[in-house]
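The values are calculated or read from the model by the stated rules, or taken from the named source; none is laboratory data. Note that this is a predicted model, so its numbers are computed, not measured. Positions of Cβ are backbone-derived with ideal geometry, glycine not excepted, and every protein chain shown enters the neighbour counts. Heavy atoms of the whole protein, side chains included, go into the accessibility calculation; ligands, DNA and RNA do not. Shrake-Rupley method; radii C 1.70, N 1.55, O 1.52, S 1.80 Å.
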Amino acid sequence: MSDRSLRIVLIALFVVLGVYIGQPYVDRLLFAASTPRTVEPRGNLSDVERSTVELFERVSPSVVQVVARAGTLETSQAEGESGGAQSGTGFVWDAAGHIVTNDHVVEGTTAVAVRLASGQALQAQIVGTAPNYDLAVLRVESTHSLPPPITIGTSDGLKVGQSVFAIGNPFGLDQSLTTGIISALKRRLPTASGREITNVIQTDAAINPGNSGGPLLDSAGRVIGVNTAILSPSGTSAGIGFAIPIDVVNRVVPEIIRRGFVPTPGIGIATADEAAATRAGLEGVVIVRTAPGSSAERAGLRGIDAGTRKVGDVIVGVNGKPVRRLPDLTEELERVGVGKRVTLAIKRDGRDMSVDVEVMDLSRKT
């Protein structure tokens with residue numbers, strides 16, 4: 001190759017290299033958006049987006065943050081500013097200033113405040129609690145600025161797969177909306193009092209600490225449950241959250257408002273451990289003993305013989321419904337209510353029998 005050809009090749013190479021190296025600088029010089037860019041119109045929201053936005057705007061003002069502690073609580077304190085405060089969510093129940101939340105949100109506290117969506121903080125009093133259902137009712141004295149109550153739905157007829165919405169204050173982040181579906185129905189949820197809430201709603205809508213006591217809504221914006229717990233090894237949402245069904249809430253809350261407490265329906269029996277009954281080959285609720293003066297004792301129900309350890313009565317049905325576990329019995333007793341009578345199907349000495357028993361209030365001394 002001649003010197004002239006070599007020089008041409010080298011020059012070409014340097015030109016290509018220069019263009020390659022200088023390209024970013026040229027692009028920045030010619031194409032940099034050094035002035036605000038033109039906004040592209042997005043068009044209309046989709047039907048799903050529009051309905052979700054409308055639901056949140058309609059319901060969220062009636063969802064409040066609940067802050068409670070043992071001792072004096074200044075309503076101007078935001079969550080986290082005072083050690084020992086525990087917080088959750090609540091929602092407006094009626095125009096008289098009643099707020100529904102979880103019992104565990106206010107448990108062990110003496111001072112409670114609620115903060116509205118507007119930012120206004122109001123002192124509240126605990127009207128009463130129902131630990132068996134993890135529910136509590138608060139009341140604010142000033143109602144002139146209170147948002148309207150949220151529409152109540154029913155948990156009867158819910159379907160797995162239908163859309164649900166949760167509004168609450170996870171980690172103190174107020175007015176947070178999460179969405180999901182009903183993952184399962186008829187779950188059982190143990191409470192701190194030792195009883196179980198039945199027909200609990202399971203959802204994959206994100207529920208985190210601070211969401212407790214907030215509403216679970218259907219697509220019509222009606223309350224169908226009260227968010228209460230999550231199942232998570234980390235303590236944060238793992239897609240398994242639980243809500244107390246609104247049909248239970250709608251029965252319990254008026255009782256708390258009227259009395260300040262909720263009667264505990266029962267018949268006055270101590271029952272055997274389910275695992276022990278299963279190992280003994282028994283299906284149903286095995287009566288260990290009856291409480292003195294209880295309706296079970298008056299009806300003649302028998303427990304295990306203290307001397308021979310012989311099994312007495314095993315409850316296998318109530319009002320025509322099968323009883324396999326204790327919650328099957330307590331659910332029907334709660335549905336019937338204190339002062340009413342139920343018909344128990346029992347097995348005694350290999351014989352099938354029926355016994356009528358009055359439902360009593362276990363929270364009162366016999």
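Heavy atoms only, 1.4 Å probe, whole protein assembly: order Thr35, Thr109 by accessible area, highest first.
Values: Thr35 95, Thr109 20 Å².
If we order Thr35, Thr109 from most to least accessible, we get Thr35, Thr109.
What percent of all Cα-Cα pairs in region 30-179 falls into each 5 Å bin, going from 0 up to the bin containing the maximum distance?
Histogramming region 30-179 at 5 Å steps yields 2, 8, 16, 18, 17, 12, 8, 6, 5, 4, 3, 2, 1, 0, 0 percent.
Can you work out ³J(HN,Hα) from phi for every residue in region 265-282, in order, using Karplus 6.51 cos²θ - 1.76 cosθ + 1.60 and θ = phi - 60°, giving whole Hz and x for Gly and Pro?
x, x, 10, x, 10, 9, 10, 6, 4, 4, 5, 5, 5, 5, 4, 7, x, 9
If you average 1/r over all unlike Cα pairs in region 290-366 and invert the result, what Kirkwood radius do you get in angstrom?
Numbers: mean 1/r = 0.0765 Å⁻¹.
Mean inverse Cα-Cα distance, inverted, gives 13.1 Å.
Can you give me the Rg/Rh ratio for region 103-184, using Cα atoms for both radii and the Kirkwood formula for Rh? Please list the in-between numbers first.
Details: Rg = 15.3 Å, Rh = 15.3 Å.
We get a ratio of 1.00 for region 103-184.
For the chain, with a Gaussian network of springs between Cα atoms less than 10 Å apart, report the residue from Ala130, Ala306, Ala296 with the top mean-square fluctuation.
Ala306
Hey, any idea what % of region 233-325's accessible area is carbon plus sulfur with a 1.4 Å probe? Working shown, then result.
Values: 2400 of 4620 Å².
Roughly 52 percent, rounded to a whole number.
Under a point-charge model restricted to the Cβ atoms of Lys and Arg (+1) and Asp and Glu (-1), what is the dipole moment magnitude of the chain relative to its Cα centre, in debye to the nearest 20? Don't skip to the answer; put the middle values down first.
Working: 36 positive and 37 negative charges, 126 e Å.
Charge dipole, the chain, about its Cα centre: 600 debye, nearest 20.
Tell me the relative contact order for the chain as a rounded percent, counting alpha carbon contacts under 8 Å between residues six or more apart. Could the numbers behind the result be given before it?
Numbers: 794 pairs, mean separation 41.3, N = 366.
Worked out over the chain, it gives 11 percent.
Averaging over every viewing direction, what projected area does the convex hull of the Cα atoms of region 138-232 cover, in nm²? Numbers along the way, then the final one.
On the way: hull surface 29.0 nm².
Projected over every direction and averaged, the Cα hull of region 138-232 covers 7.2 nm².
Exposed loop GluC sites (Glu not before Pro) only (DSSP loop, at most 13 other Cβ atoms within 10 Å): please give the longest stretch of the chain free of them, not including the sites. Each step should come with its number before you reach the end.
Values: sites that count: Glu74, Glu81, Glu141.
Longest gap between qualifying sites, sites excluded: 142-366.
Using alpha carbon coordinates only, what is the Rg to Rh ratio of the chain, with Rh defined as the Kirkwood radius?
Numbers: Rg = 30.8 Å, Rh = 24.3 Å.
On the Cα set of the chain, Rg over Rh gives 1.27.
Each residue of region 142-157 in turn: what ³J(HN,Hα) in whole Hz from Karplus with 6.51, -1.76, 1.60 and θ = phi - 60°, glycine and Pro shown as x?
For region 142-157, the Karplus curve yields 8, 10, 5, 9, 6, x, x, x, 7, 5, 9, x, 9, 8, 6, x Hz.
For an R0 of 30 angstrom, estimate the FRET efficiency from the Cβ-Cβ distance between Thr151 and Lys186 and round to the nearest 0.05.
Numbers: r = 24 Å, r/R0 = 0.80.
After rounding, the FRET efficiency stands at 0.80.
Show Leu217, Leu158, Leu326 ordered by accessible area, largest first, where the area counts protein heavy atoms only and the probe is 1.4 Å. Don't skip to the answer; put the middle values down first.
Values: Leu217 0, Leu158 20, Leu326 65 Å².
Largest accessible area first, the residues go Leu326, Leu158, Leu217.
Run the 1.4 Å probe and let me know the accessible area of Asp103, rounded to the nearest 10 Å².
20
Running a GNM on the chain with Cα contacts under 10 Å, which residue among Gly241, Gly268, Gly157 ends up with the highest mean-square fluctuation?
In the Gaussian network model the winner is Gly157.
Please compute the modelled spin-label separation between Ala291 and Arg42, points set 7 Å along Cα→Cβ, answer in nm with one decimal.
5.8
Could you give the nm distance between label points at Ser2 and Glu54, where each point is 7 Å from its Cα heading toward the beta carbon?
It works out to 8.3 nm between the two label points.
Going by amide H atoms built from the backbone, whose H comes under 5 Å of the H on Asn211, apart from near neighbours?
Amide H neighbours of Asn211, under 5 Å, 5+ apart: Asn169, Phe171.
For Asp361, Asp356, give me the order by solvent-accessible area with a 1.4 Å probe, most accessible first, ignoring ligands, DNA and RNA.
Values: Asp361 15, Asp356 85 Å².
Output order, biggest surface exposure first: Asp356, Asp361.
Quick one: which residues, 5+ away or cross-chain, put their amide H under 5 Å from the amide H of Val288? H built at 1.01 Å from N.
Under 5 Å from the amide H of Val288: Ala270, Thr271, Ala272, Ile304.
Amide H to amide H under 5 Å from Phe91: which residues, 5+ apart in sequence or cross-chain, H placed 1.01 Å off N in plane?
Under 5 Å from the amide H of Phe91: Val64, Val100.
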